[in-house]
1. Charges on Cβ only, +1 for Lys and Arg, -1 for Asp and Glu, centred on the Cα centroid of the chain; of F251, L184, A67, which one is farthest towards the dipole's positive end?
2. List the GluC sites (Glu not before Pro) within region 182-252 that DSSP assigns to loop and that have no more than 15 neighbouring Cβ atoms inside 10 Å.
3. Roughly what angle does helix 11-51 make with the longest principal axis of the chain, taking Cα atoms, 0 to 90 degrees, to the nearest 10?
4. Of V242, T224, A152, which is farthest towards the positive pole of region 111-261's charge dipole, taken about the Cα centre with +1 and -1 on the beta-carbons of Lys, Arg and Asp, Glu respectively?
5. With everything on Cα atoms, drop me the angle between helix 136-155 and the longest principal axis of the chain, reported from 0 to 90° to the nearest 10.
6. How far, in degrees from 0 to 90, does helix 57-77 lean away from the longest principal axis of the Cα atoms of the chain, to the nearest 10?
7. Taking other Cβ within 10 Å of each residue's Cβ, how do I69, I213, I198 sort, fewest first?
8. With +1 on each Lys and Arg Cβ and -1 on each Asp and Glu Cβ, how big is the dipole of the chain about its Cα centre, in debye rounded to the nearest 20?
Amino acid sequence: MPVEIVLQQSPDDVALRDKREQLAAMRGRLSERERELAQLRAQLRTFEGRYFRQVGTLYAELDEVEARIAEREVDLYDSDAARQRAEEARQRAQETHDAALGEDEQEEEVFDPAPNLKALFREVAKRIHPDFARDEAEQQHFTLLMARANQAYRRGDMETLQRLMDDYREVSGALAGESTAAELLRVMRQIQHAERDIAALDAEQEALLTSEIAQLHLDAEEATREHRDLLMELATKVREQVAEARRRFEFVDRQVTAHGR
């Protein structure tokens with residue numbers, strides 16, 4: 001009768017197996033969080049574009065007329081208070097104009113990163129490029145990290161690139177030894193990094209969901225379910241405000257002319 005030999009695993013071997021499973025689960029959660037956040041960003045960016053095209057430009061027009069009214073009132077009243085109101089109205093009009101029209105009026109900027117940003121990005125890419133992965137799981141993880149590095153590079157985000165570099169150095173330092181304990185330490189550090197990144201993504205998602213544009217998007221979706229177009233309704237209301245503001249400007253202008261100013 002054959003004798004079955006059962007190999008006993010050391011506590012470190014058992015812990016390493018459990019931590020690897022935990023790391024795989026954490027990386028799965030991280031990847032899912034990043035996909036969800038990317039979808040949310042894209043959704044809100046698309047809606048924001050619609051809002052600025054349909055409503056934002058009208059608010060810019062309204063604030064421009066209000067600024068012209070305030071500036072004309074300076075000629076009428078010639079007071080410090082009137083000049084202060086005119087300055088504030090002109091600043092508000094410029095801010096609204098920049099928000100609604102600024103991106104359309106700016107020429108596409110040529111991406112010209114600083115030398116130190118280029119150097120840091122190259123160093124990061126040398127370490128986390130998917131081609132350098134040891135297995136399929138690590139390749140998937142490196143692909144995610146490389147995408148994050150590319151985004152940070154395009155934004156000129158030195159802080160994120162440096163954090164990716166620091167994370168790599170912290171983890172790779174545990175690889176000096178070949179022991180199970182060293183591998184266990186490396187995996188535990190990777191788990192900590194994944195937990196930190198998930199928390200950061202959750203915080204960003206919460207900030208997006210509580211933003212004004214997100215609330216307006218929710219209101220627009222609710223209106224759609226009621227067979228209404230919220231942006232069209234807002235645009236109609238602002239057009240009426242613009243028309244009323246133009247009438248006020250004409251009234252003030254006639255007063256200034258009547259006083260010979």
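Quick note: the coordinates plus some simple rules give every number you see, no bench work behind them. The structure presented is a predicted model; accordingly, all values stated were derived computationally and were not measured. Backbone-built Cβ (ideal geometry, glycine too); neighbour counts: all protein chains shown.
1. Among F251, L184, A67, the one farthest towards the positive end of the dipole of the chain is L184.
2. Numbers: sites: E183, E195, E204, E206, E212, E221, E222, E226, E233, E240, E244, E250; in loops: E226.
In loop regions of region 182-252 (DSSP not H, G, I, E or B), the sparsely surrounded GluC sites (Glu not before Pro) are E226.
3. Approximately 20 degrees, to the nearest ten.
4. V242
5. Between helix and principal axis, roughly 30 degrees.
6. 40
7. Final ranking by Cβ density, sparse to dense: I213, I198, I69.
8. Computed about the Cα centre, the dipole is about 240 debye.
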